[in-house]
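These notes are about the structure you will find just below.
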């Protein structure tokens, strides 16, 4: 797995690691070229940034989890960071959720931009049931990562300190907006941003900048002090 590692500008600054995952068909360099890393640095966020290429076939066969553990998460733990956040775009959002589900307590927070949360038919099924809380998934095969993640979200309780804090951003004209709207209903309003836009870089960057400006990556004590 190709990884772009961008340490914080000041050596030893901060204790935060940020793992950034592009969507299917995009690569780590795209997040640099499209301004996501620059937006982080312009705001002075002292995060140790790790941007990972996840090949489409690894998303599809589920092998991305083992690759991320080996090439990103294990090195982060070895460096002694006390806080780890993940940001994922589209299918990268699904991957971030999957990692958080597989590693309870290891991920402090998730930033999901226009996340792919399931096939159109499965999302329609959840909506028809009245939302994530009312949906009954039935038997969940261990190798069905999509269904595993949706079932985890069904039981997710915002504010539970044992679970990662989820921040969501999506474009109202995005093809995955119905899925984001289902998730948004389960999150505090302050943790959701939306804007006119489709499934594209301009919309994602705008949402990313709004979330950064809201201070989503601040340490819990700093966030509390700012209120």
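Determine if the stretch 34-44 includes at least one residue that is under 18 Å from the mean Cα position of the chain (by Cα) and either more than 27 Å from residue 200 (Cβ to Cβ) or modelled with pLDDT under 95 (or both).
Taking every residue of the stretch 34-44 in turn, none turns out to be under 18 Å from the mean Cα position of the chain (by Cα) and either more than 27 Å from residue 200 (Cβ to Cβ) or modelled with pLDDT under 95 (or both).
Given (1) over 20 Å from residue 34 (Cβ atoms); (2) outside any loop (DSSP other than H, G, I, E, B), where does residue 209 come up short, assuming only one miss?
(1)
Can you pull out every residue in the stretch 9-36 that is surrounded by fewer than 19 Cβ atoms within 10 Å (Cβ to Cβ) and in contact with a strand residue (DSSP E or B) (Cβ under 6 Å, 6 or more places away or on another chain)?
15
Do we have residue 83 as at pLDDT 90 or above, surrounded by fewer than 16 Cβ atoms within 10 Å (Cβ to Cβ) and over 19 Å from residue 2 (Cβ atoms) here?
No; evaluated as a whole, the condition is false for this residue.
Residue 210: surrounded by fewer than 18 Cβ atoms within 10 Å (Cβ to Cβ), modelled with pLDDT of 95 or more and within 20 Å of residue 31 (Cα to Cα), yes or no? Talk me through it step by step, then tell me what you get.
Details: surrounded by fewer than 18 Cβ atoms within 10 Å (Cβ to Cβ): yes; modelled with pLDDT of 95 or more: yes; within 20 Å of residue 31 (Cα to Cα): yes.
Against the criterion (surrounded by fewer than 18 Cβ atoms within 10 Å (Cβ to Cβ), modelled with pLDDT of 95 or more and within 20 Å of residue 31 (Cα to Cα)), residue 210 qualifies.
Being within 16 Å of the chain's Cα centre (by Cα) and either part of a helix (DSSP H, G or I) or under 24 Å from residue 131 (Cα atoms) (or both) narrows it down to one of 179, 190, so name that one.
Details: 190 fails: within 16 Å of the chain's Cα centre (by Cα).
Answer to the selection: 179.
Among the candidates 187, 136, single out the residue that is without any contact (Cβ under 8 Å) to a residue 60 or more places away in the chain, out of contact with any helix residue (DSSP H, G or I) (no Cβ under 8 Å at 6 or more places or on another chain) and either more than 21 Å from residue 96 (Cα to Cα) or surrounded by fewer than 14 Cβ atoms within 10 Å (Cβ to Cβ) (or both).
Working: 187 fails: either more than 21 Å from residue 96 (Cα to Cα) or surrounded by fewer than 14 Cβ atoms within 10 Å (Cβ to Cβ) (or both).
After applying the criteria, what remains is 136.
The values are calculated or read from the model by the stated rules, or taken from the named source; none is laboratory data. Just so it is clear, the model here is predicted, and its values are computed rather than measured. With ideal geometry, Cβ positions are generated from the backbone for all residues, glycine too; neighbour counts draw on all protein chains shown.
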